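As structure tokens, the structure follows; a few thoughts come after it.
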2 protein chains.
Amino acid sequence: MHDDNPDRRPHTLHARIRAAIEARILSGEWPPGTRIPTETELMVDFGCSRMTVNKAMASLATAGLIVRNRRAGTVVARPRMHSAVLHIPDIGAEVAARGGVYGYAALTDELRPPCCVHLGSEGFHLGQSRFVRSVHSSDGVAILVEDRHIFLDAVPAAAQADFATNPPGPWLLAHVPWTEAEHRISAIAADAAVARALAVATGAPCLLVERRTWRGQETLTIARQVFRGDAFDLTARFGPRPDSPGGTTGLQ
Amino acid sequence: MHDDNPDRRPHTLHARIRAAIEARILSGEWPPGTRIPTETELMVDFGCSRMTVNKAMASLATAGLIVRNRRAGTVVARPRMHSAVLHIPDIGAEVAARGGVYGYAALTDELRPPCCVHLGSEGFHLGQSRFVRSVHSSDGVAILVEDRHIFLDAVPAAAQADFATNPPGPWLLAHVPWTEAEHRISAIAADAAVARALAVATGAPCLLVERRTWRGQETLTIARQVFRGDAFDLTARFGPRPDSPGGTTGLQ
DNA sequence: CATGAATTAATATCTATACAATAAATCTTC
DNA sequence: GAAGATTTATTGTATAGATATTAATTCATG
């Protein structure tokens, strides 16, 4: 028995409408903030009833792709920090939320030619990237060492961004819509380089978060973050159903 | 400005219908497998149109609480292992998936009187619990030390379960519906007891997962799992929208 | 009995319409 | 021109009905 829906085109009308709008958002044709046609206009465009358009739009709204307001209309949502169930941590915001003074310093910032990058045991062939190694601190205490690759094919704007004083994580979240992320979390012992950067003993337990983020098939960024084990934890709070609250991160 | 919805009762009709059915499922009045009244019956019960019932049911279905089939009707879904975005790991299944021989041994199994339990820096007053300390291994190598409390007020059936040969995690997942879970993930150094149980050096990096699971307001279980840092990682893969694939765990 | 055709019970989708709720825009009045 | 009232554009919810789709069941036929 072959695939029942080979062209990936949903067969129901409201699903097709949803897919059409979603495609324009994810492709970047309708960037965040773009005003989307009204239900009445879409009803004419697609030659169907408003209820059908409404079903498609309601689905996009609960998915967080668009924001709807009575009278004001519907706009493409900007990428939201807290939308993910295990959210992508913004260390600066976490430190500030606890009243600490956040510090950021870039140690390395360079362009890297297309190469094979290793994540875990796999190797990937990837295009030119901007590579930034940075240290993040709270009240002068180093908390996190981060190695980040941003792939310029997928995110050309990253070539001009200022990562000397601004951490790349929040910049990416604010500017780049993503469709998928993978976190890999493990415990490692600090090696000499990490121990020096974090001012801990060699062999001290650290939390390693390796993250890869995609838009569609395209890899946007790969991050390798090493947190001080005694200063950081990751917290994810969620329900078995998708409408549940998102996660948080916490400094101990 | 006070709370706009103090009684927590949704004001729209389809949301009230959804809430009514959801309540019966979560309370256990309609356990998994129960046949739910047809749309036509509910339409009469609630005195509304079938479309309104349909909207409520469609929402429950996408949330994964019910399973709908044409002609066959609608039944309460059974709790699914993989529904959570960061899923609750079933170590036995993970080991088996990699062709390893899974081992489980309970070190302690006792009833504990109502007391205050500490999780992180907070203390909670909780009822009588069954406490099980166990070691999980892969091919004879200890991977995980787990301390688990199961609260008998919330899960009375746990008093009779056999945890001498069956790990409590999968038993809970199979028997107890839950509404919310919190994971707290950090890196710690192995203390003497953990080092002995896992056969690693004292001070070796370990991944600590503290998990608390609720049904409604009631705490079902608290688990403290210490994984060998060099043998385990947690992987979460997800999208910014709720219709994305779930997470996995992995043994390295 | 076995096989296939017809029936039927249930969900799935779509339409057309109505009215409610919200907030932006506009107008009135001082 | 500022404050308040009114209009209006847009989304949100609900209804009643129509038709499509699916799969369990029953029935007919060999």
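Some notes on this structure:
- Test: residue in region B:146-169 that is over 23 Å from A:ASP233 (Cα atoms) and within 12 Å of chain A (Cβ to nearest Cβ): no
- Region A:154-168, subset touching a Ser or Thr at 6+ places or on another chain (Cβ under 9 Å) and more than 15 Å from A:ARG215 (Cβ to Cβ), residue surrounded by the fewest Cβ atoms within 10 Å (Cβ to Cβ): A:PHE163
- Residues that are of a type in the set (Ser, Thr, Tyr) and more than 17 Å from A:ARG228 (Cβ to Cβ) number at least 1 in the following strands (runs of 3 or more DSSP E) confined to region A:100-192: A:102-112, A:129-138.
- Residue satisfying all of: in region B:171-197; away from chain A (no Cβ under 13 Å) and surrounded by fewer than 17 Cβ atoms within 10 Å (Cβ to Cβ); nearest to B:GLY103 (Cα to Cα) among these: B:ARG196
- Checking B:LEU60 against (1) modelled with pLDDT of 95 or more; (2) within 15 Å of DNA strand D (Cβ to nearest atom); (3) under 28 Å from B:LEU173 (Cα atoms), the condition it does not meet: (1)
- Residue check for B:ARG196: of a type in the set (Lys, Arg) and at pLDDT 85 or above: yes
- For region A:199-247, a residue qualifies if it is within 14 Å of A:HIS183 (Cα to Cα) and modelled with pLDDT under 70, and the qualifying residues are A:THR235, A:ALA236, A:GLY247.
- Note on region A:36-53: residues that are within 12 Å of DNA strand C (Cβ to nearest atom), away from every other protein chain (no Cβ under 14 Å) and surrounded by 16 or more Cβ atoms within 10 Å (Cβ to Cβ) amount to 6.
- Every residue from region A:9-30 that is at pLDDT below 90 and within 16 Å of DNA strand C (Cβ to nearest atom): A:ARG9, A:PRO10, A:HIS11
- In region B:22-35, residue farthest from the other protein chains (Cβ to nearest Cβ) [restricted to those that are touching a Lys or Arg at 6+ places or on another chain (Cβ under 7 Å) and more than 16 Å from DNA strand D (Cβ to nearest atom)]: B:TRP30
- Tally of residues being within 8 Å of DNA strand C (Cβ to nearest atom) and polar (S, T, N, Q) across region A:55-75: 1
- When B:GLY33 is tested against (1) modelled with pLDDT under 95; (2) within 30 Å of B:ALA161 (Cα to Cα); (3) more than 16 Å from DNA strand C (Cβ to nearest atom), exactly one condition is not met: (3).
- Selected residue [more than 14 Å from every other protein chain (Cβ to nearest Cβ), surrounded by fewer than 17 Cβ atoms within 10 Å (Cβ to Cβ) and at pLDDT below 70] from A:GLY99, A:GLY73, A:GLY123: A:GLY123
The values are calculated or read from the model by the stated rules, or taken from the named source; none is laboratory data. Remember, predicted model here, so these are calculated numbers, not experimental data. Reconstructed Cβ throughout: ideal geometry from the backbone, glycine too, with neighbour counts over all protein chains shown.
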